[in-house]
1. Do the alpha carbons of any pairs in Lys219/Lys269; Lys153/Lys443; Lys49/Lys457 sit beyond 30 Å of each other, and which pairs?
2. Could you work out, for segment 418-498, what percent of all Cα-Cα pairs fall into each 5 Å distance bin, beginning at 0 Å and stopping at the bin that holds the largest distance?
3. Sort 431-437, 37-43, 354-360 by the packing proxy (mean of other Cβ within 10 Å over each peptide's residues), most packed first.
4. What percent do you get for the relative contact order of the chain when only Cα pairs under 8 Å and 6+ apart count?
5. Placing +1 at every Lys and Arg Cβ and -1 at every Asp and Glu Cβ, with all other atoms neutral, what dipole size does the chain have around its Cα centre, in debye to the nearest 20?
6. Return the distance in nm (one decimal) between the two label points of a simple spin-label model at Leu114 and Lys49, each offset 7 Å from Cα along Cα→Cβ.
7. Given a cut-off of under 8 Å on Cα pairs at least six residues apart, what relative contact order in percent is computed for segment 386-465?
8. What is the fewest-to-most order of Glu119, Glu241 by other Cβ atoms lying within 10 Å of their Cβ?
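Bear in mind these aren't lab numbers, they're just calculated from the coordinates by the rules spelled out. As the structure is a prediction and not an experimental result, all values here were calculated from the model. Backbone-built Cβ (ideal geometry, glycine too); neighbour counts: all protein chains shown.
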Amino acid sequence: MEILKKLAQLAETGRTAIVYGDKTLSYRELNSWSDAFAAYLKREAPEGKAPVLIYGHKELEIPACMFGSLKSGRGYVPVDVTYPPERVAQIAAEAKPCVIVDLTDTLELPGLNLSQLREILARTCAPASEEDWLRPDETAYILFTSGSTGKPKGVQITAKNLAAFHAGVRPFFDGMQPDGAFLNEISYSFDVSVCALYEALGRGMTLWTADRTALENPKLLFEILQKANLTDWVSTPSLAELCVQSDRFCGALMPQLRQMLFCGEVLTKKLTQELMARFPDVPIVNAYGPTETTVLVTGARMTEQMLQADAPLPIGYAFSNCEARICGAEGTVLPEGEAGELCLLGQTVSPGYLGRPDLNARAFFEDGGRRGYRTGDLCRMEGGLIYYLGRLDNQIKLNGFRVELEDVENNLVKVSNIARAAVLAEMQDGKAVALSAYVMLEKPDGEGSLQRARRIKKELGELVPSYMVPRRIIAVDSFPLNTNGKIDKKQLRALRAT
Ligand code: AMP
């Protein structure tokens, strides 16, 4: 794998790989820690290719475990601390890891804790042999995303998928320089963090970490931005929305900034205009891609003309190694300009969800020897430029987090005394800004609405990541139903509005 070769070369440079608070990790340490972890796996882990599950947040040890796993020929499953232990247990049951690294010391699963891991990483070991490294067709990582059944689904990405992503994204990342500074704020559970881990580290840049405390505290975040003197920005638009609330977020804060790339959710014209005014010489790129197609597959620099046009901002052109098709219900390719489902074909398309042939048959397909993915995104294409128009299902993006509303609903009914539940996304300017849950109780509880909401949120928070816990919980006596006996969400929304 190219990244592993690059890390070995960069280990000779004395450069800093990652900054986290007042701690730094050099490329030399990153490389030797990953060798030590690979040696540990080779010696101690059961034979086979089972991945390593890593539960933590932004600890400096995490990338070393990831690259160490790859050096030992295994993939990894990064799970962020926002996932409660119950959800981690579900993921572990699915992924069947050879080792669980628990940097939080909170899981009731056998594994390595932080101090055991540190002891392992500090060992001096010979570099892992290239023969042991992960092969192109093997799974490099599995990312678990929200699944409509209420259980997360694991997207498998191979070394070959990553190599194809690296090739496809080049026009946007090739300007990144070895002495550059890159923001490391995306949780390692999400695909966009691959930009930091593979693209920025692979080019010898320094990652400046903003953890979730910093992301919730603009003062801390701005201190990091000030110190980092970032050259390359990759984030969700949500983070930029938060930043532009302060006048300090402008060229003077990041005078070396080379490019701002946004992805993961709708980039609005309002935000783009604001950013263009504050960073007049910095290209603003809108990029797009599902986890299932390895991070990003389309992108374009936003222009004044696009801002003036009577259409949403485009998500860009398909990368050179990805074919984008707009398809009708039966999978037929629609004429130019018509709206339909965006289907993506190429080498970045995942081999599928782990252990889910049912979902794979629906979401993935083969065409002329190439693998394809049905995104569920309603899009339109004109002259190769793609416009995102919305979802064809109940998946939403909330502050950049991917959430299936049924996932929340299916977990809500596991909370005590809830018979039925429906979750609606609260929309503002076409964007989901919060979740509201409507619940029908099994029996009267005698609780006040505040007390009940608090209890439900707490219980639900033990089942799903914190970002999936609805802001509002409303108890109802009954639900409007459609002819299939399912909750009629359109009517529920209409009733709510009256
Ligand atoms: P994820 O797998 O978390 O990366 O989420 C992928 C989904 O996020 C896509 O299928 C889209 O629905 C949405 N998405 C990603 N990038 C964009 C974008 N630039 N504009 C609008 N929606 C986006």
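1. Details: Lys219/Lys269 26 Å; Lys153/Lys443 33 Å; Lys49/Lys457 38 Å.
Result: Lys153/Lys443; Lys49/Lys457 exceed 30 Å.
2. 3, 13, 23, 25, 19, 13, 3, 0
3. On the way: 431-437: 18.1, 37-43: 21.4, 354-360: 14.9.
The packing order, highest mean first, is 37-43, 431-437, 354-360.
4. Working: 1011 pairs, mean separation 57.8, N = 498.
12 percent.
5. Numbers: 56 positive and 62 negative charges, 117 e Å.
My answer is approximately 560 debye.
6. Between Leu114 and Lys49, the label points sit 3.4 nm apart.
7. Values: 83 pairs, mean separation 19.4, N = 80.
Worked out over segment 386-465, it gives 24 percent.
8. Details: Glu119 12, Glu241 15.
The fewest-first ordering by Cβ neighbours comes to Glu119, Glu241.
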